[in-house]
1. Residues that are in contact with a Pro (Cβ under 7 Å, 6 or more places away or on another chain): which helices (runs of 4 or more DSSP H) entirely in the range 44-122 hold 2 or more of them?
2. Would you check if residue 261 is within 28 Å of residue 62 (Cβ to Cβ), out of contact with any Asp or Glu (no Cβ under 6 Å at 6 or more places or on another chain) and among the basic types (Lys, Arg)?
3. If residue 112 passes every condition in (1) out of contact with any Phe, Trp or Tyr (no Cβ under 7 Å at 6 or more places or on another chain); (2) in contact (Cβ under 8 Å) with a residue 40 or more places away in the chain but one, which one does it miss?
4. For the range 251-294, which residues satisfy the criterion of being among the hydrophobic types (A, V, I, L, M, F, W, C), outside any helix (DSSP H, G or I), over 26 Å from residue 75 (Cβ atoms) and touching a residue at least 40 places away in the same chain (Cβ under 8 Å)?
5. Here are the criteria: (1) open to solvent by less than 30 Å² (accessible area, probe 1.4 Å); (2) closer than 19 Å to residue 88 by Cβ. Tell me which single one residue 265 does not satisfy.
6. Name the residues in the range 168-177 that are open to solvent by 40 Å² or more (accessible area, probe 1.4 Å) and closer than 15 Å to residue 91 by Cβ, would you?
7. For residues that are among the hydrophobic types (A, V, I, L, M, F, W, C) and over 18 Å from the mean Cα position of the chain (by Cα), scanning just the range 103-120, find the one that is most open to solvent (accessible area, probe 1.4 Å).
8. Limited to the range 53-75, what total is found for residues that are at pLDDT 95 or above and either among the acidic types (Asp, Glu) or open to solvent by less than 20 Å² (accessible area, probe 1.4 Å) (or both)?
Amino acid sequence: MKIKPFNVFVGLTLFLGLLASCHDKPKNGRTDTYSSGAIKFVSDESFSPIIDEEREIFETVYPNAKLTPIYTNELDGVNMLMKEEVWLAITSRNFTRKELQNLRDRKFQPMAIPIALDGLALIVNNSNPDSIISVQEIRQVLSGQVKSWSALRPGSKLGDIEVAFDNKQSSTVHYCVDSLLGGKPINSPNIYAVKKSAEVIDFVEKHPNAIGIIGSNWLNDKRDTTNVTFKRNITVMGVSKIHPATIESSWKPYQFYLYNRNYPLIRTIYALLNDPRHGLPWGFANFMSADYRGQLIMFKAGLLPYRGNMTVREVNVSDE
């Protein structure tokens with residue numbers, strides 16, 4: 001049977017139209033591009049101040065983009081990424097080998113993009129006379145070897161040490177377990193896991209015997225455009241790599257001390273991607289990590305931009 005050219009033309013047109021239709025409407029319903037569309041993404045709650053700023057500026061630069069953040073703990077956030085509920089997660093860790101293998105076995109191409117360095121800050125009540133602590137002492141408190149301020153500082157009348165975290169499954173807890181305790185659990189008898197990072201600051205304000213552990217991006221005083229002061233209602237402790245701690249050996253999580261690694265409690269913030277479409281999740285991640293504006297936002301928030309150029313100048317201060 002001879003097929004007429006007209007029928008061939010119509011058949012090809014319908015077939016190509018079907019392909020175009022499938023391309024325009026993918027099975028997961030996504031239609032976002034690198035700089036437009038609407039998506040949800042997940043972030044550890046401890047990074048919410050800086051991520052909110054990044055999102056607001058990104059949406060100003062790209063008015064056709066709409067980003068909806070889901071702030072939760074790091075464990076739940078990564079699980080959402082692995083289950084394909086979101087395509088971007090902001091965390092303080094890279095993919096594990098097991099997670100990478102799982103995604104690759106499912107024909108995905110996961111990517112971890114470092115976007116900034118953050119200091120894990122220790123905060124105490126303003127009435128607490130102790131303003132320095134060594135890494136060894138932090139380990140002793142978290143492991144339960146040291147339970148009271150008098151054991152840490154002979155003569156102290158503050159009583160038991162209360163340790164406050166933002167969430168029992170947060171990135172701060174993960175850092176303490178992995179980087180400070182070598183994978184062993186936190187065994188301090190007086191551990192308080194509140195719900196949000198802001199509540200850690202509130203807890204320390206109300207409890208003179210407390211130590212709060214929190215991301216340094218929460219501590220910037222917005223009134224200070226130089227990023228060299230922290231919130232004035234709590235005291236940020238200086239942390240020393242050597243024991244015992246001294247004023248000279250202790251450092252606070254200022255940007256320069258993250259830059260030169262004097263501050264010992266540093267973590268990398270990652271954008272974890274599992275986006276086969278290379279759409280809006282990629283656009284936002286690259287904006288935060290590589291765009292000048294995205295890295296400048298990190299800098300102004302008190303973090304150390306991962307790819308930003310740091311200019312260091314020596315300043316002579318006169319006492320006269």
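1. Because the criterion is at least 2 residues that are in contact with a Pro (Cβ under 7 Å, 6 or more places away or on another chain), the helices (runs of 4 or more DSSP H) in the range 44-122 that meet it are 48-61, 97-105.
2. no
3. The single condition residue 112 does not satisfy is (1).
4. none
5. It fails just one condition, (2).
6. Hits for the range 168-177 are 169, 174.
7. Checking each candidate, the answer is 108.
8. Qualifying residue count, the range 53-75: 6.
The values are calculated or read from the model by the stated rules, or taken from the named source; none is laboratory data. It should be emphasised that the depicted structure is a prediction, and the values quoted were computed from it without experimental measurement. Note that we place each Cβ from the backbone using ideal geometry, even for glycine, and neighbour counts take in every protein chain shown. For accessibility, only protein heavy atoms count, side chains too; no ligands or nucleic acids. Shrake-Rupley method; radii C 1.70, N 1.55, O 1.52, S 1.80 Å.
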